[in-house]
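Trainee: I have a structure here, written as structure tokens, and I will follow up with some questions on it.
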Amino acid sequence: MNKLYFAVLTSLVAHAYHAHAQGNELAQEIAFNISKNRADIALTEFAQQSNMTIIVPYDKVVSVTTRELVGTYSVADAAINLLEGSGLHLSVNNNGQLFIRTDNDLEGKHSMLHKNKLSTAVVLAISSLATAQTLAQESQAKDIEELVVTGYRGSLLKSLDEKRNSINAKESIMAEDIGKFPDLNIAESIQRVPGVAISREGGEGRNITLRGFSPSFTRTTLNGMEVPAGSDGLDSGGVTINASRAFDFHVFASELFNRVDIQKTSTASMEEGGIAGTVDLYSAKPFDFDGFKAAASLQNGYNDLSKESDPRLALMVSDTFLDDTLGALFSVAYSDRTVRQEGFGTVRWTTPVATNNIYPTTANPVVNGDIAEDNCALNGSAVAPINCLWAPRLPRADYFGNDQSRLGVTTSLQYRPSDKAEITLDILHSELSNDRVNYNSMEWFLTHNAITPLEITVHPDGKRILAGTYDDVESWIESRDQTSDSKFDQYVLSGEFELSESFTLNAMIGKATNEADREEVRFYYISDSHQYSFDFTDNPHIPKVSWGEGYDYYDPENYQVTTASNRSNYVKKDNLTSKVDLTFNQDDYSIKTGIAYNDRKVESREGSGNYPAAFSAVGYLKDFPVSDFGKGLDGDLVPFPVADFDAIYRDNIIRKEYTDNLGAAWIVGEETLAAFIEFNNNVELGSMLLKTNFGLRAVNTDVTSQAWIKGSAVEVDRDYQNFLPSMNLALDVTEDVVTRLSYGKSMTRPSLGSLNIAAPNFGYTTRTVSNLGNPGLKPYESNDIDLSGEWYFAEESLLAVNYFYKNVTTSLTTDIIEKMVDAEFHDAILSDPQYDPAYNADPRVVPYTHYIPVNDNEGFDVKGYELIYQQALSFLPGFMSNMGVVTNFTHVSAGDMTGLSENSYNMTVYYEEDQYGLRLSANNRDDYLLSIPGGNGHVAEMKYGPTHVDFSSFYHFSDNLTVTFEVINLTDEEERIYGTGDGTMDLTREINHTGRQFFVGVRYSL
């Protein structure tokens, strides 16, 4: 098999020093005199004057113009100056040969090993021994092949090069082609990176955890500025509307992006805020491509549970004008998604003793089996042993139906008035809309003293009820109608200016806004009391259920309707960022300094609607909306009657008209001003090259928390300062081995909920304060150490191990503190009608006992390691040489940390050749902690760690036309939350699935 020619995407500086380790050719000082000209002519003169041989792709340079080069430079610096702004770069391949590459070399055509005859792509070997014209004529007579790695393998190769040449610990994900990201969901692409796990909702990736830290510890930027992104969610996700620092990745279509960087260690020039790390998202720009580019894709998605077909389409067009001084790019992506999530839930198990509410003393059930607890007691008094048995609180079948639409639009304009200036305007708009109905068939076991156990079967462990029959049970059929919208807008103006040969100025100003709102109407259809039975014998998660003989579960005459909720929620997040960086460049080192200003604000509001009196269900109840309820689950789900919302709205029983609840409204703002200085240097240690990065970042944060309390406007202002040193060392031990050592101090600001002062509870007779945030909180702080070794043992290959240790020195906890009430609350308290001076509780003179969040300096440690193996198996014989594997494993240890899976792994096996390819990816994480202690008497609450398997394939009909087939969630993996009871049990809170998603698509590119 022909040896591949790999277009290596690495920076000139890195390659120049690489070559210098082999010899001094690139470091030699030479007097150059080259006029501004066509690149093929200028490179010919460059090769002649430097007395060096350079391989040049003639067809890619003939239309490019290079800068004037006059003066004495090293060959490396001369190449930088000559080619700056041209989209061309001087590189060194593995054989030590110099060649010219373009920014777009790996975008290429679709083929993995695309072969261009010299009739369409002339490769010139330019040297001082012959002119370019002579060599071009000789080359055209030969049948030389240019082999370029593209597609998924090209994406992996570009990602490897980014990692290899980075000064800090970093992972990258690159688009396979214009508008083609490796996965259909950004979060699901990021989960392929070592150290990353994701949480899903409705079968789609939503948030990420990085190295064990919850989503709010990871900072996310888009086109260079920190951005907010939030939406609403299901009850199972624990979210009404995301008003936290966590980033909802599912708001955006993956087609809008061409690159994601995951920064695992910090530098001083990076903005602060992410102890876990920073995720940098980049949308495409016109100067990323050579001239005109266009791509369009159309997919049809089919879900085997919902049996619905949904469209997904994307279009991107980019071009450059006026001799490549002006560029414009436009992209749009739209998709519909029909989600059907089904399952069974208990809304936790509990015991009557744990709820301080026991079965009637007159109950005398038949008990089958042995109860482990012999001495069951409540408040010191003996009670019947059945009161110590765990049983479901609200056994119910669950159905969540969601019609979702997602729209994304980007525009990028770039202007390059000269070789020394480049200005970019990026605009991005995204919308995510959900129209959701939720149905739950609850049986009311919350009040144990109101139901009568008739017969129970005890589980073999003696701790829980395996099966039971009860009398006097009410059905509470819950029906919810929810609509939500999330809109995101970002505008970023940035520029890079070469002030002189040594100084470069980078500046940007950007604004991002995310508005999310949700309206919810919720009814309970409460039945007459009846008998009810459940039996978990055949399935520990989904029981068989039945109702007493003679009771008609579906008769609307048996139900009264009460309104549980009629409200709206609204969250608006605003970020304004401006920053200026100045870099001083010299041959062996650079110094970078800058300032950054951020103004972030989050506003939350809640509205209340009308609550009608209870009414009969007659005329307002309908049959279950699907005929195959429970399909694909290992258990039976019984259909149940649900609310007829159309009839309710038609008769104007309830209105979606809302009045602001001022007592629930709050605003938290943060203004930050930061300055940094950073020193980068390259040091030769014998045959090794040491790249160093040292820096210090200082930041001041002003916090403002506002709310309406007891009829009074209250504002609390606080501030704090942080100093964040950082160091990154990367040692090129050999041509193929890199070792890294990093140290840094990082920070994550307190959660917005802990800063929120809305709706506090002041107890005047008890002199207590609760449900109050603390704007005076300092941020989480951590001392971070990373150590890694990377062996690039073959082309497209890597074997690496990363060790990380984070000593979190400052964190948050809730504590009981006796102190004076802050002065900002005095007027609100004194004007409260419930306050009476007779209580002797004047907040100005009497301390109150506060139950509030405070800083905890005891700290905790997070440590772990990552193992990475990646290889193109080109050494295998025959067709197997087109295979490859990408895999990683992460172990994290952090004690009882929510959201942390101790172990996780990713594996992708792919096969790609010129015309077609396919890949199979699997992702797994251990079960992870949701809360400790868990609710309703559980020691803890956990979430099952699923194994998700995805499949992707393509077939190229031509260089322009491609057909794709993809399967998401190939095994229809179940999601499950469970409680641990006494710490040794597995008691399902809810289990559900969303089906497999199939996508057939066509893609056309120019």
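The values are calculated or read from the model by the stated rules, or taken from the named source; none is laboratory data. Given the structure is predicted, the values throughout are model-derived calculations rather than measurements. Heads up, the Cβs are rebuilt from the backbone with ideal geometry, glycines too, and the neighbour counts pull from every protein chain shown.
Trainee: Taking the range 385-411 on its own, how many of its residues are over 34 Å from the mean Cα position of the chain (by Cα) and either assigned to a strand (DSSP E or B) or surrounded by fewer than 20 Cβ atoms within 10 Å (Cβ to Cβ) (or both)? Break it down into steps so the answer makes sense when it comes.
Mentor: If we filter the range 385-411 for residues that are over 34 Å from the mean Cα position of the chain (by Cα), which is where we start, we get 385-391.
Subset that is either assigned to a strand (DSSP E or B) or surrounded by fewer than 20 Cβ atoms within 10 Å (Cβ to Cβ) (or both): 385, 390-391.
The total comes to 3.
Trainee: Considering the range 658-691 alone, what residues qualify as being over 30 Å from the mean Cα position of the chain (by Cα) and either among the β-branched types (Val, Ile, Thr) or in a loop (DSSP other than H, G, I, E, B) (or both)? Don't jump to the end; show me each part of the working.
Mentor: Applying the first criterion (over 30 Å from the mean Cα position of the chain (by Cα)) to the range 658-691 yields 658-663, 679-691.
Answer for the range 658-691, where residues must be over 30 Å from the mean Cα position of the chain (by Cα) and either among the β-branched types (Val, Ile, Thr) or in a loop (DSSP other than H, G, I, E, B) (or both): 658, 659, 661, 683, 686, 687.
Trainee: What number of residues in the range 795-850 are under 33 Å from the mean Cα position of the chain (by Cα) and assigned to a strand (DSSP E or B)? Can you show your working first?
Mentor: Going through the range 795-850, the residues under 33 Å from the mean Cα position of the chain (by Cα) turn out to be 795-815.
Right, trim to assigned to a strand (DSSP E or B) and you get 798-815.
So the count comes out to 18.
Trainee: Which one of 346, 350, 362, 338 is surrounded by fewer than 16 Cβ atoms within 10 Å (Cβ to Cβ) and farther than 30 Å from residue 492 by Cβ? I'd like the intermediate steps shown before the answer.
Mentor: Values: 346 fails: surrounded by fewer than 16 Cβ atoms within 10 Å (Cβ to Cβ); 350 fails: surrounded by fewer than 16 Cβ atoms within 10 Å (Cβ to Cβ); 338 fails: surrounded by fewer than 16 Cβ atoms within 10 Å (Cβ to Cβ).
From the options 346, 350, 362, 338, the qualifying one is 362.
Trainee: Which helices (runs of 4 or more DSSP H) sit wholly inside the range 8-92 and have at least 2 residues that are out of contact with any helix residue (DSSP H, G or I) (no Cβ under 7 Å at 6 or more places or on another chain) and modelled with pLDDT of 70 or more?
Mentor: Details: elements: 12-22, 39-50, 58-61, 75-83.
Because the criterion is at least 2 residues that are out of contact with any helix residue (DSSP H, G or I) (no Cβ under 7 Å at 6 or more places or on another chain) and modelled with pLDDT of 70 or more, the helices (runs of 4 or more DSSP H) in the range 8-92 that meet it are 39-50, 75-83.
Trainee: Residue under question is residue 904, and the condition is that it be modelled with pLDDT of 90 or more, surrounded by fewer than 17 Cβ atoms within 10 Å (Cβ to Cβ) and among the polar types (S, T, N, Q); does it hold? Steps first, answer last, please.
Mentor: Numbers: modelled with pLDDT of 90 or more: yes; surrounded by fewer than 17 Cβ atoms within 10 Å (Cβ to Cβ): no; among the polar types (S, T, N, Q): yes.
The answer is no for residue 904.
Trainee: From 226, 188, which residue is at pLDDT below 90 and acidic (Asp, Glu)?
Mentor: Being at pLDDT below 90 and acidic (Asp, Glu) holds for just one of 226, 188, which is 188.
Trainee: What number goes with the only condition from (1) surrounded by fewer than 18 Cβ atoms within 10 Å (Cβ to Cβ); (2) among the hydrophobic types (A, V, I, L, M, F, W, C); (3) farther than 18 Å from residue 297 by Cα that residue 961 does not pass?
Mentor: Of the numbered conditions (1) surrounded by fewer than 18 Cβ atoms within 10 Å (Cβ to Cβ); (2) among the hydrophobic types (A, V, I, L, M, F, W, C); (3) farther than 18 Å from residue 297 by Cα, the odd one out for residue 961 is (3).
Trainee: Can we say residue 308 is in contact (Cβ under 8 Å) with a residue 24 or more places away in the chain, among the acidic types (Asp, Glu) and crowded, with 21+ Cβ neighbours inside 10 Å?
Mentor: Judged against the criteria, residue 308 is not a match.
Trainee: I'd like to verify a number: residues in the range 933-986 that are in contact with a helix residue (DSSP H, G or I) (Cβ under 9 Å, 6 or more places away or on another chain), charged (D, E, K, R) and in a strand (DSSP E or B), how many?
Mentor: 3
Trainee: Right, another one. Looking at the range 888-903, which of its residues are closer than 16 Å to residue 942 by Cα and within 20 Å of the chain's Cα centre (by Cα)? Before the answer, list the steps.
Mentor: Residues of the range 888-903 closer than 16 Å to residue 942 by Cα: 894-903.
Of everything in the range 888-903, those that are closer than 16 Å to residue 942 by Cα and within 20 Å of the chain's Cα centre (by Cα) turn out to be 897, 898, 899, 900, 901, 902, 903.
Trainee: Would you say residue 266 is modelled with pLDDT of 90 or more and touching a Phe, Trp or Tyr at 6+ places or on another chain (Cβ under 7 Å)? Talk me through it step by step, then tell me what you get.
Mentor: On the way: modelled with pLDDT of 90 or more: yes; touching a Phe, Trp or Tyr at 6+ places or on another chain (Cβ under 7 Å): no.
Judged against the criteria, residue 266 is not a match.
Trainee: Another question, if that's okay. Those residues that are within 20 Å of residue 994 (Cα to Cα) and surrounded by fewer than 16 Cβ atoms within 10 Å (Cβ to Cβ), I need them from the range 928-950; list them, please.
Mentor: Hit for the range 928-950 is 947, nothing else.
Residues checked against (1) among the aromatic types (Phe, Trp, Tyr); (2) in a strand (DSSP E or B); (3) modelled with pLDDT of 95 or more; (4) within 30 Å of residue 627 (Cβ to Cβ):
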site	(1), (2), (3), (4)
323	no, no, no, no
328	no, yes, yes, no
339	no, yes, no, yes
355	no, no, no, no
372	no, no, no, no
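Trainee: Another question, then. Going through the range 257-302 one residue at a time, which ones are farther than 24 Å from residue 208 by Cβ, among the basic types (Lys, Arg) and assigned to a strand (DSSP E or B)? Spell out how you get there, then give the answer.
Mentor: Step one: of the range 257-302, the residues farther than 24 Å from residue 208 by Cβ are 268, 285-300, 302.
Subset that is among the basic types (Lys, Arg): 285, 293.
Passing the criteria: only 293.
Trainee: Can I ask one more? Within the group 734, 704, 739, which residue is over 28 Å from residue 597 (Cα atoms), polar (S, T, N, Q) and in a strand (DSSP E or B)? Step through it out loud before you land on a result.
Mentor: Details: 734 fails: in a strand (DSSP E or B); 704 fails: over 28 Å from residue 597 (Cα atoms).
Sole residue among the options that is over 28 Å from residue 597 (Cα atoms), polar (S, T, N, Q) and in a strand (DSSP E or B): 739.
Trainee: Shifting gears a bit: Among the residues of the range 976-1002, how many are touching a Phe, Trp or Tyr at 6+ places or on another chain (Cβ under 8 Å), buried (at least 21 other Cβ atoms within 10 Å of the Cβ) and under 30 Å from residue 180 (Cβ atoms)?
Mentor: 1
Trainee: Residue 404 fails exactly one of the following numbered conditions: (1) over 30 Å from residue 336 (Cβ atoms); (2) touching a Leu at 6+ places or on another chain (Cβ under 8 Å). What is the number of that condition?
Mentor: (1)
So that you can scan it fast, the table gives a plain yes or no per residue for (1) crowded, with 17+ Cβ neighbours inside 10 Å; (2) modelled with pLDDT of 95 or more; (3) of a type in the set (Lys, Arg):
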| site | (1), (2), (3) |
| --- | --- |
| 589 | no, no, no |
| 597 | no, yes, no |
| 608 | no, no, no |
| 620 | yes, yes, no |
| 629 | yes, no, no |
| 632 | no, no, no |
| 636 | no, no, no |
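Trainee: Among the residues of the range 412-467 satisfying the criterion of being part of a loop (DSSP other than H, G, I, E, B) and among the hydrophobic types (A, V, I, L, M, F, W, C), which is surrounded by the most Cβ atoms within 10 Å (Cβ to Cβ)? Walk me through it before giving the result.
Mentor: Looking only at the range 412-467, we keep the residues that are part of a loop (DSSP other than H, G, I, E, B), and these are 419-420, 444-447, 451, 459-463.
Pick out the ones that are also among the hydrophobic types (A, V, I, L, M, F, W, C) and you get 444-446, 451.
On the way: 444: 20, 445: 25, 446: 17, 451: 21.
Out of the qualifying residues, it is 445.
Trainee: If you don't mind, another one. Can you pull out the residues in the range 743-781 that are in a strand (DSSP E or B) and over 24 Å from the mean Cα position of the chain (by Cα)?
Mentor: Taking the range 743-781 and keeping what is in a strand (DSSP E or B), we get 743-748, 761-763, 768-770, 780-781.
Result: 743, 761, 762, 763, 768, 769, 770.
Trainee: Just for the range 707-757: of the residues that are under 20 Å from residue 772 (Cα atoms) and among the small types (Gly, Ala, Ser), which one is surrounded by the most Cβ atoms within 10 Å (Cβ to Cβ)?
Mentor: So, considering only residues that are under 20 Å from residue 772 (Cα atoms) and among the small types (Gly, Ala, Ser), the one surrounded by the most Cβ atoms within 10 Å (Cβ to Cβ) is 707.
Trainee: Could you please find all residues in the range 661-701 being of a type outside the set (Val, Ile, Thr) and under 19 Å from residue 715 (Cα atoms)?
Mentor: Initially, the range 661-701 is screened for residues of a type outside the set (Val, Ile, Thr), giving 661-666, 669-671, 673-676, 678-682, 684-691, 693-698, 700.
Scanning the range 661-701 gives 661, 662, 663, 664, 665, 666, 669, 670, 671.
Trainee: Also, quick follow-up: Just wondering, is there one or more residues in the range 903-911 that are among the β-branched types (Val, Ile, Thr) and farther than 24 Å from residue 964 by Cβ? So that I can check it myself, show each step before the final result.
Mentor: Going residue by residue through the range 903-911, those that are among the β-branched types (Val, Ile, Thr) are 908-909.
Those still in the list that are farther than 24 Å from residue 964 by Cβ too: none.
Taking every residue of the range 903-911 in turn, none turns out to be among the β-branched types (Val, Ile, Thr) and farther than 24 Å from residue 964 by Cβ.
Trainee: Restricting the first residue to the range 707-721 and requiring it to be among the aromatic types (Phe, Trp, Tyr), which pairs with a second residue that is assigned to a strand (DSSP E or B) meet a Cβ separation below 8 Å and a spacing of at least six or different chains?
Mentor: 708/714; 720/700; 720/701; 720/703
Trainee: Continuing with the same structure: If residue 583 satisfies all but one of (1) within 29 Å of residue 229 (Cα to Cα); (2) modelled with pLDDT of 95 or more; (3) not hydrophobic (A, V, I, L, M, F, W, C), what's the number of the condition it fails?
Mentor: (1) is the only condition that residue 583 fails.
Trainee: Would you check which residues across the range 904-943 are of a type in the set (Val, Ile, Thr) and over 30 Å from residue 356 (Cα atoms) and list them?
Mentor: Just the residues of the range 904-943 that are of a type in the set (Val, Ile, Thr), to begin with: 908-909, 932, 939.
If the condition is that a residue be of a type in the set (Val, Ile, Thr) and over 30 Å from residue 356 (Cα atoms), then 908, 909 are the ones that fit.
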